[in-house]
Amino acid sequence: MKPAPFAYRRPGSLDEALLALAGEPDAKVLAGGQSLVPLLSMRLAHPSLVVDINAVPGLDSVTASPDGVRIGALARHTAVLANEDARRVQPLIGLALACVAHPTIRNRGTTVGSIIHADAAAEMPAVLTLLGGSVDVVSVRGERTIAAADLFRGPLETTLAHDELAVSAFFPALGTGAGVGFEEISRRRGDYAVCAVAAVVRLDGDRVLEARAGFVSVCDVPTVLDLTDALAGGVDAATLTAAGDLAIAGLDPVGDLHASADFRAHLVRVLTARALQAAHDDARERS
Ligand SMILES: Cc1cc2nc3c(=O)[nH]c(=O)nc-3n(C[C@H](O)[C@H](O)[C@H](O)COP(=O)(O)OP(=O)(O)OC[C@H]3O[C@@H](n4cnc5c(N)ncnc54)[C@H](O)[C@@H]3O)c2cc1C
């Protein structure tokens, strides 16, 4: 199938890109094209205008500071994954990105594009939400920062207005005493997750101060749960099982072609326990 006809613009500046978006309510931004182009080809998206931002300068940076990691709109997954400072400041970025698609897709696809595409089966929206990150967006009307918790409205739907361009995403740094874990099951390496769980555990000595998990490919939107209560008595096989049970009590897994809702519930239990264990061990190693 071929895409429905659309106009194409490739602006050379941010201002030009924002004017193009403002002038056409049905416009779509093109970043890496790894999700948009298939949607166009299948005619699941039929914008009147495609605004290709690949010639806009200054959007491809990855900057790590003690506060966190800022990823520009044109930073490819591969560039983010290769950035040692980013992986050190927030190790969950590296763990999760290694599970995003295949190298050829990571070479072109952008991390910000993946977030704005808002697929509940994608790793980075859940990671951004778990970490309490945010996205900076601009339009001809001004700029604003959208917290990840306020970004995902529904499947493939965000709270960005039609004229807004996401210029960067910010992932907060790993806090003191914290560790991270990421566990994923997919049918083949590089495929979208059938289920994945990202976890952050924060310790004070042996005491679990905080245990939170983000779920990929479980519900319609990236979902985060606080599981601290289950690990209040320490981390062992029984409390990890309790954490898995607590997780499933707070979720409503969807069934699809790849996994029934029951199978997903099973994966949630198993992967939650594994991800929390990994995050706990990571926190201990770092302290
Ligand atoms: C075979 C295959 C396997 C894949 N597997 C995975 C996987 O396992 N996990 C995963 O997470 N992803 C996977 N992907 C998707 C991949 O990660 C894409 O790169 C990503 O979803 C979208 O990034 P992009 O830069 O290609 O965005 P595009 O395709 O260019 O855009 C996607 C959407 O986001 C909008 N958009 C993009 N950037 C901006 C911006 N800066 N401001 C406003 N709107 C914007 C576009 O308008 C469009 O609606 C896979 C893709 C393929 C083809």
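Close contacts from the range 25-37, counting a first residue that is near the ligand (Cβ under 6 Å from one of its atoms) and a second that is of a type outside the set (S, T, N, Q) and open to solvent by 80 Å² or more (accessible area, probe 1.4 Å), with Cβ to Cβ under 7 Å and a gap of 6+ residues or different chains, come to 32/108; 33/108; 34/108; 36/28.
Residue-by-condition table, conditions (1) away from the ligand (no atom under 16 Å from the Cβ); (2) without any contact (Cβ under 8 Å) to a residue 12 or more places away in the chain; (3) open to solvent by 20 Å² or more (accessible area, probe 1.4 Å); (4) over 25 Å from residue 87 (Cβ atoms):
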position	(1), (2), (3), (4)
197	no, no, no, no
214	no, no, no, no
240	yes, no, no, yes
269	yes, no, yes, yes
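Regarding residue 41, is this residue small (Gly, Ala, Ser), closer than 16 Å to residue 114 by Cβ and out of contact with any Asp or Glu (no Cβ under 6 Å at 6 or more places or on another chain)? Spelling it out, it is not the case that residue 41 is small (Gly, Ala, Ser), closer than 16 Å to residue 114 by Cβ and out of contact with any Asp or Glu (no Cβ under 6 Å at 6 or more places or on another chain).
Condition test on residue 114, is it among the hydroxyl-bearing types (Ser, Thr, Tyr), in the same structural domain as residue 160 (by TED's automatic domain parsing) and within 22 Å of residue 222 (Cα to Cα)?
Taking the combined requirement at face value, the residue satisfies it.
Helices (runs of 4 or more DSSP H) fully within the range 82-175 that include at least 1 residues being within 10 Å of the ligand (Cβ to nearest atom) and touching a Leu at 6+ places or on another chain (Cβ under 8 Å): 91-97, 103-108, 111-117, 123-130. Under the condition of being in contact (Cβ under 8 Å) with a residue 24 or more places away in the chain, small (Gly, Ala, Ser) and open to solvent by 20 Å² or more (accessible area, probe 1.4 Å), the residues counted in the range 62-113 number 4.
Just one of the numbered conditions (1) in contact with a Cys (Cβ under 9 Å, 6 or more places away or on another chain); (2) assigned by TED's automatic domain parsing to the domain that holds residue 228; (3) of a type outside the set (Ser, Thr, Tyr) is not true of residue 120: (2).
Looking at 230, 259, 249, which one is open to solvent by 70 Å² or more (accessible area, probe 1.4 Å) and of a type in the set (A, V, I, L, M)? Reasoning before the result, please.
Numbers: 230 fails: open to solvent by 70 Å² or more (accessible area, probe 1.4 Å); 259 fails: open to solvent by 70 Å² or more (accessible area, probe 1.4 Å).
Answer to the check: 249.
Of all the criteria given as (1) under 17 Å from residue 194 (Cα atoms); (2) surrounded by 17 or more Cβ atoms within 10 Å (Cβ to Cβ); (3) among the small types (Gly, Ala, Ser), the one not satisfied by residue 283 is (1).
Could you tell me whether residue 179 is away from the ligand (no atom under 12 Å from the Cβ) and surrounded by fewer than 17 Cβ atoms within 10 Å (Cβ to Cβ)? Against the criterion (away from the ligand (no atom under 12 Å from the Cβ) and surrounded by fewer than 17 Cβ atoms within 10 Å (Cβ to Cβ)), residue 179 does not qualify.
The values are calculated or read from the model by the stated rules, or taken from the named source; none is laboratory data. On a predicted model such as this, the values are computed, not experimentally measured, just so you know. Cβ coordinates were reconstructed from backbone atoms using ideal geometry, including for glycine residues, and neighbour counts include every protein chain displayed. For the accessible areas, the whole protein counts, side chains as well, though only heavy atoms, and no ligand, DNA or RNA atoms are used. Shrake-Rupley method; radii C 1.70, N 1.55, O 1.52, S 1.80 Å.
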